[in-house]
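The values are calculated or read from the model by the stated rules, or taken from the named source; none is laboratory data. All of these numbers come straight from a predicted model, not from anything done at the bench. All Cβ positions, even for glycine, are placed from backbone atoms using ideal geometry, and neighbour counts span all protein chains on display.
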Amino acid sequence: MGAKDKAKHEAEAVAGKARRKVGEVTGDTGQQAAGLAQEAKARAKRTADDAADRARDAAEKARDAADRDRPQADRDRGSGQ
């Protein structure tokens with residue numbers, strides 16, 4: 001995923017942590033829970049982004065390996081057969 005998405009998810013995690021801390025200081029368990037939920041949501045998004053990045057990298061490596069294994073004549077024609 002893009003740097004913009006990663007920054008957005010990080011900002012959401014920081015906001016959740018701040019909200020949780022405010023809840024702890026004020027004794028507001030609702031704020032604490034909401035902050036924890038916001039942090040968890042941001043972590044889940046980051047995890048999904050990381051998985052998508054790894055899948056994309058693996059697909060690129062597989063394509064590169066397949067291209068290396070094709071005979072040169074096939075690569076010159078642009079054919080995979």
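None of Ala34, Ala73, Ala62 is aliphatic (A, V, I, L, M), at pLDDT 95 or above and in a helix (DSSP H, G or I) except Ala34. Scanning region 1-28 for residues that are more than 19 Å from the chain's Cα centre (by Cα), part of a helix (DSSP H, G or I) and more than 16 Å from Ala40 (Cβ to Cβ) yields Val22, Glu24, Val25, Thr26. The residues of region 39-69 that are surrounded by 11 or more Cβ atoms within 10 Å (Cβ to Cβ), out of contact with any Lys or Arg (no Cβ under 9 Å at 6 or more places or on another chain) and farther than 22 Å from Ala3 by Cβ amount to a single one, Ala40.
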